[in-house]
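Comments concern the structure below.
The values are calculated or read from the model by the stated rules, or taken from the named source; none is laboratory data. The shown structure was predicted, so the numbers you read here are calculated from the model rather than taken from an experiment. Cβ placement follows ideal geometry from the backbone for every residue including glycine, while neighbour counts extend to all protein chains displayed.
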Amino acid sequence: MEELKKMLAAPAPLDEVAEAVRLAGAWRSWTFERQVWYMRKHHEMTQAELSRRSGVSQHRISRIEDGEDLKLSTLRALWRPLGYKPLMLPDTINMASEP
């Protein structure tokens, strides 16, 4: 029971990540297109390979990486072969003050 209390009292890993990103000053600059490009490069995939694995056209991937707006369903399709799931983080850490 004591072990469970300790686990529940520990900060959530996502809270720690969010705080680290905020402290690094990168909170507002990490855009979707930057994440797609970075993760594709990190996994050593070309746009063509990501296209084949995700079902999203290579031309569309190129346009997304250039900053074109995208649907959440497209983002999910792109991130699935990279082993990620979309995650939305708030602009502020203090969620209690938000409506």
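The one condition from (1) in a helix (DSSP H, G or I); (2) more than 16 Å from Tyr84 (Cα to Cα); (3) at pLDDT below 90 that His59 does not meet is (3). Looking at this structure, is Glu3 modelled with pLDDT under 90, touching a Gly at 6+ places or on another chain (Cβ under 6 Å) and assigned to a helix (DSSP H, G or I)? For Glu3, the condition - modelled with pLDDT under 90, touching a Gly at 6+ places or on another chain (Cβ under 6 Å) and assigned to a helix (DSSP H, G or I) - is not met.
Condition first: modelled with pLDDT under 80, of a type outside the set (A, V, I, L, M, F, W, C) and under 18 Å from the mean Cα position of the chain (by Cα). Can you find one or more residues in the stretch 69-78 that meet it? Taking every residue of the stretch 69-78 in turn, none turns out to be modelled with pLDDT under 80, of a type outside the set (A, V, I, L, M, F, W, C) and under 18 Å from the mean Cα position of the chain (by Cα). Taking residues in the stretch 41-54 that are within 13 Å of Gly83 (Cβ to Cβ) and surrounded by 14 or more Cβ atoms within 10 Å (Cβ to Cβ), and partners anywhere that are at pLDDT below 95 and of a type in the set (Gly, Ala, Ser), the pairs with Cβ atoms closer than 6 Å and at least 6 places apart or on different chains are Ser54/Ala77. Anything in the stretch 62-77 that is surrounded by 11 or more Cβ atoms within 10 Å (Cβ to Cβ), in a helix (DSSP H, G or I) and not polar (S, T, N, Q)? List them, or say none. Correct list: Arg63, Ile64, Glu65, Leu75, Arg76, Ala77.
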